[in-house]
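First comes the structure, then the notes that go with it.
The values are calculated or read from the model by the stated rules, or taken from the named source; none is laboratory data. If you're wondering where the values come from, they're calculated on a predicted model, not measured in any experiment. Please note: Cβ atoms are built from the backbone with ideal geometry, for glycine as well, and neighbour counts cover all protein chains shown.
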Amino acid sequence: MVLRIVVVGGGVNGIGTALALKQILPNCQLTVVSKDFTPDTTGDGAAGMWGPYLVEGTPDDKIISGYQFTTLIAEPSRFLPKLMAKVEEYGGTFVKRRLSSLEEVASTADLVMNCSGLGAKDLVPDDLVYPCRGQVMRVQAPWVKEFFADESEESFCYILPNIDKVVLGGTHQDNDWRRELDPIDRETIWRNCTESMPSLKNCEVVKEWVGLRPCRKGGIRVDTEEIFVKNRHIPVVHNYGHGGCGVSTFWGCSKEAASLAVNLIQKYYGSPSKL
């Protein structure tokens, strides 16, 4: 038996989960289905700073916290293509398709990995999922080598150096589905960032972007259930609700989701080593 696994979602958690699965189940037939892949995912616009941000409801003992620290920048726009290439090396395939339910792919799968991010609100459905709108701009400021963040309400901003640009932000507007640029937000971001770091006043703005963070009341969901399709019970592993720290948590969550998948395979189909 060749196990058929479908991963729903083309963001960092979907691709990370696909890779984690292929590393432990190299012989499975794995397909990643998503309406968007890089460079059109939410992660592609993220600054990529590693740190706990907007993970409502997740227990404190599972988060790293601090005020001054050295951390990583991992830009999804750069590493997502490499992760996808690695999944392809293992034999995984990608299908660009918009789904209206998990049942659409479950009917031809033995296991579904739901990494649909904000889409889980309708696909599961899960009313705890909501967007947190983020607007940022990218500027040319090669002299900026350290990040800065002001989390006070009156002067909220962050300045995050990437490899060849600096990201200025931002907004964290809950339940706001707008994807268009807001000129008022632009003015606020520019004012707060340049007041915090005056050397930015004469820098060139290269790009502006809006993305919707896939938040969830109650925190990240990594667990299992089953759905009934065409007289079959299909196991499902959920891995979504990462909010503004998908980059920070994706590999840990991907490995946990893959581990849950192996347990389900054992339960439903027997030893994974024989499949």
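Residue-level check: of (1) of a type outside the set (Asp, Glu); (2) assigned to a loop (DSSP other than H, G, I, E, B); (3) modelled with pLDDT of 95 or more, Gly218 misses just (3). Filtered by the rule that a residue be crowded, with 22+ Cβ neighbours inside 10 Å and under 13 Å from Cys115 (Cα atoms), the stretch 22-40 gives Val32, Val33, Ser34.
The set of residues in the stretch 224-275 being free of Cβ contacts under 8 Å to residues at least 24 places away in the same chain and either surrounded by 17 or more Cβ atoms within 10 Å (Cβ to Cβ) or in contact with a helix residue (DSSP H, G or I) (Cβ under 7 Å, 6 or more places away or on another chain) (or both) consists of Gln266 alone.
When we screen Val8, Val2 for residues that are more than 25 Å from Gly170 (Cα to Cα) and modelled with pLDDT of 95 or more, the only hit is Val8. A single entry from Glu180, Glu204, Glu187, Glu195 fulfils the requirement of being in contact (Cβ under 8 Å) with a residue 60 or more places away in the chain, in the same structural domain as Phe147 (by TED's automatic domain parsing) and surrounded by fewer than 22 Cβ atoms within 10 Å (Cβ to Cβ): Glu204.
Among all positions in the stretch 192-215, there is no residue which is of a type in the set (Val, Ile, Thr), in a strand (DSSP E or B) and closer than 30 Å to Ala261 by Cβ.
For Asn231, the conditions (1) of a type outside the set (A, V, I, L, M, F, W, C); (2) over 11 Å from Gln135 (Cα atoms); (3) not assigned by TED's automatic domain parsing to the domain that holds Phe250 all hold with the exception of (3).
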